[in-house]
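The values are calculated or read from the model by the stated rules, or taken from the named source; none is laboratory data. Just so it is clear, the model here is predicted, and its values are computed rather than measured. Here the Cβ is made from the backbone with ideal geometry for all residues, glycine too, and neighbour counts use every protein chain on show. Heads up: the accessible areas ignore ligands, DNA and RNA and are worked out on the full protein's heavy atoms, side chains in. Shrake-Rupley method; radii C 1.70, N 1.55, O 1.52, S 1.80 Å.
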Amino acid sequence: MRRERKKEMKEIGSKVIIFENGGEISIDSNRKVNVGIYASNTPLSGKIGFQIKPSECPLGIGTSSATSGRIKNYSGHADAAVIIAEDANLADAFATRITNEVKGNDVEKSVQRALEIAETLEKLRSALIIRGKY
């Protein structure tokens, strides 16, 4: 349904198309889009984000968190795992996987290890992981 709506919106001349569906976001835009990050009560929450350029569209953004939101049954400990992929469904799956990889008592190492795993995932464009101050 999202693809049909997107096609309809393009046909009527929409320049910025952003769909949110249960936390996942699809973006197709001819303008820059700023995205802020909420990561529970961490020092980075609400203070960092990223900018999507038109040349990077279309894309999907998925975010998972073991510490905030509706679902908290993760085996990992990420406050936020934000993933950009070619579509929102893939980004959501990758975000869940990466959230589950952020674990262990050494917080900095747990984030680094999960980023290294993210680098091996085909079709993943970008990953941002927050746990505490890291």
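The residue list 75, 65, 126 contains one member that is among the small types (Gly, Ala, Ser), open to solvent by 30 Å² or more (accessible area, probe 1.4 Å) and closer than 30 Å to residue 4 by Cα, which is 126. Please determine, by comparing only the residues of segment 1-38 that are small (Gly, Ala, Ser) and surrounded by fewer than 16 Cβ atoms within 10 Å (Cβ to Cβ), which one is modelled with the lowest pLDDT. Looking at residues that are small (Gly, Ala, Ser) and surrounded by fewer than 16 Cβ atoms within 10 Å (Cβ to Cβ), I get 22. Within the span defined as segment 51-58, one or more residues are touching a residue at least 60 places away in the same chain (Cβ under 8 Å) and out of contact with any Asp or Glu (no Cβ under 9 Å at 6 or more places or on another chain). Taking the conditions exactly as written (in a strand (DSSP E or B), among the small types (Gly, Ala, Ser) and open to solvent by less than 20 Å² (accessible area, probe 1.4 Å)), does residue 60 satisfy them or not? So residue 60 passes the test. When 100, 105 are checked against the criterion of being open to solvent by 50 Å² or more (accessible area, probe 1.4 Å) and either in a helix (DSSP H, G or I) or free of Cβ contacts under 8 Å to residues at least 40 places away in the same chain (or both), 105 stands alone in meeting it. So is residue 41 more than 21 Å from residue 126 (Cβ to Cβ), open to solvent by 70 Å² or more (accessible area, probe 1.4 Å) and either among the β-branched types (Val, Ile, Thr) or without any contact (Cβ under 8 Å) to a residue 60 or more places away in the chain (or both) or not? Criteria met by residue 41.
If you check 26, 68, 110, 55 for being among the hydroxyl-bearing types (Ser, Thr, Tyr) and assigned to a loop (DSSP other than H, G, I, E, B), only one passes: 68.
Every listed requirement among (1) of a type in the set (D, E, K, R); (2) out of contact with any helix residue (DSSP H, G or I) (no Cβ under 7 Å at 6 or more places or on another chain); (3) open to solvent by less than 70 Å² (accessible area, probe 1.4 Å) is met by residue 131 save one, (2). Among the conditions (1) without any contact (Cβ under 8 Å) to a residue 24 or more places away in the chain; (2) surrounded by 14 or more Cβ atoms within 10 Å (Cβ to Cβ); (3) assigned to a loop (DSSP other than H, G, I, E, B), the only one that residue 115 does not satisfy is (3).
To keep it simple, each residue is scored yes or no on (1) touching a Pro at 6+ places or on another chain (Cβ under 9 Å); (2) within 21 Å of residue 20 (Cα to Cα); (3) at pLDDT 95 or above.
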{"residue": "55", "(1), (2), (3)": "no, yes, yes"}
{"residue": "59", "(1), (2), (3)": "no, yes, yes"}
{"residue": "63", "(1), (2), (3)": "no, yes, no"}
{"residue": "83", "(1), (2), (3)": "no, yes, yes"}
{"residue": "96", "(1), (2), (3)": "no, yes, no"}
{"residue": "107", "(1), (2), (3)": "no, no, yes"}
{"residue": "110", "(1), (2), (3)": "no, no, yes"}
{"residue": "116", "(1), (2), (3)": "no, no, yes"}
{"residue": "124", "(1), (2), (3)": "no, yes, yes"}
